[in-house]
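**Q** One structure, as structure tokens, below. Some questions next.
Please treat every number below as a calculation from the coordinates, not as lab data. Bear in mind that the values here come from a model prediction, so they are computed numbers and not experimental data. Backbone-built Cβ (ideal geometry, glycine too); neighbour counts: all protein chains shown.
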Amino acid sequence: MRRSGIYLLVLALSPSSAAAQRQVDPTKLVHDLRAGTVEPDVARALDLTCANRELQADTSRVQLTKNQTFSVVQAYDVMCDRRAVVVLQAAGSRWEHIQTILLSTLLGVQPTVTFPDLLGSGEHEIVVGGQLVDHGTGVDQNNMTIFKLIGDQLQVVFDAPESVHFEQGSAKGLFSVEQHSVFRFVQNPESKGKEQMISEVQRLTVGGKTTTRYRNWTWDPALQRFRCYETAP
């Protein structure tokens, strides 16, 4: 079974002293990624395994916390099975590397990366759609994953399949599972503010029999995660 990955890389700009390899300028990083000239020590520090070739790279400014601005640098290539998303936190004149998160891709099939404010708090999340998490003979699975900055670390607060294809031979014949889910961000009717919930319509086919499920995922402040509840059409 073949597994691959995409990188989500987080950097933060800090006025305090830090190790040199943790300080990265986003403009220079984008330039070096496009030119294929990232220094080997920088590539190792940022966990960039495809940095020795010319990559596509772009940057976005987002608010992962209310009082700090982050720059998200993404780097990817059709022949690289790993994608880098580099997040930089602005606080002065330097940028510091916080974290690298591995995401999944295969032969240039890239996931989508967006930055909505799902909780209406002014703090944005990182939403990854179409992330390849499993691929091999008789199996393919793509997930939607949501990362949120909690404390000083990006954590997964939602992860669920968007599509699943699984088949395996047995003594009784071919056993197969197909799942397709559509996720939408909609206003949470129980919220007094702008908080959104995740509405899911899931079509599940097992052995030729199809069932449709309707589920809502709402934010649980105690868990710091989205929690799932079954619902009606």
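**Q** For L118, what residues show an amide H to amide H distance below 5 Å, using hydrogens built from the backbone and excluding near sequence neighbours?
**A** Counting only residues 5 or more places away or on other chains, the set is E125.
**Q** Pop out the ³J(HN,Hα) list for segment 127-144 in order, Karplus 6.51 cos²θ - 1.76 cosθ + 1.60 with θ = phi - 60°, rounded to Hz; leave Gly and Pro as x.
**A** Rounded to whole hertz, the list is 9, 10, x, x, 7, 6, 10, 7, 7, x, 5, x, 8, 8, 9, 10, 10, 9.
**Q** Next question, about the same structure. Note the direction-averaged projected area, equal to a quarter of the hull surface, for the Cα convex hull of segment 54-137, in nm². Numbers along the way, then the final one.
**A** Numbers: hull surface 26.3 nm².
The number I arrive at for segment 54-137 is 6.6 nm².
**Q** So what is Rg over Rh here for the chain, counting just Cα atoms and using Kirkwood for Rh? Please report the intermediate quantities before stating the final value.
**A** Values: Rg = 19.7 Å, Rh = 19.2 Å.
Radius of gyration over Kirkwood radius for the chain works out to 1.03.
**Q** Next question, about the same structure. Which whole-Hz ³J(HN,Hα) couplings does segment 195-208 yield from phi under the Karplus relation 6.51 cos²θ - 1.76 cosθ + 1.60, θ = phi - 60°, glycine and proline marked x?
**A** Couplings: 5, 10, 10, 9, 9, 10, 10, 10, 10, 10, 10, 10, x, x Hz.
**Q** Apply 1/(1 + (r/R0)^6) to the Cβ-Cβ distance of M79 and V177, taking R0 = 41 Å, and write down the FRET efficiency to the nearest 0.05.
**A** On the way: r = 31 Å, r/R0 = 0.76.
Efficiency for this residue pair is about 0.85.
**Q** Here's a follow-up. In a shell of Cβ-Cβ distance under 14 Å around E125, excluding E125 itself, what net charge do Lys and Arg (+1) and Asp and Glu (-1) give? Walk me through the intermediate numbers first.
**A** Working: positive: K66, K148, K194, R225; negative: D117, E123, D159, E195.
Every neighbour counted, the sum reads 0.
**Q** Same structure, new question: Go through segment 44-53 residue by residue and turn each phi into a ³J(HN,Hα) via Karplus (6.51, -1.76, 1.60, θ = phi - 60°); whole Hz please, and just put x for glycine and proline.
**A** Residue by residue, segment 44-53 yields 5, 5, 9, 6, 9, 7, 10, 6, 8, 10 Hz.
**Q** Still on this structure: For the chain, take the longest principal axis of its alpha carbons; what is the angle in degrees between that and the long axis of helix 26-35, to the nearest 10 within 0 to 90?
**A** Once rounded, the angle reads 70 degrees.
**Q** For L103, enumerate residues with amide H under 5 Å from its amide H, sequence gap 5+ or separate chain, H modeled in the peptide plane.
**A** Under 5 Å from the amide H of L103: I6, Y7, L8, R83.
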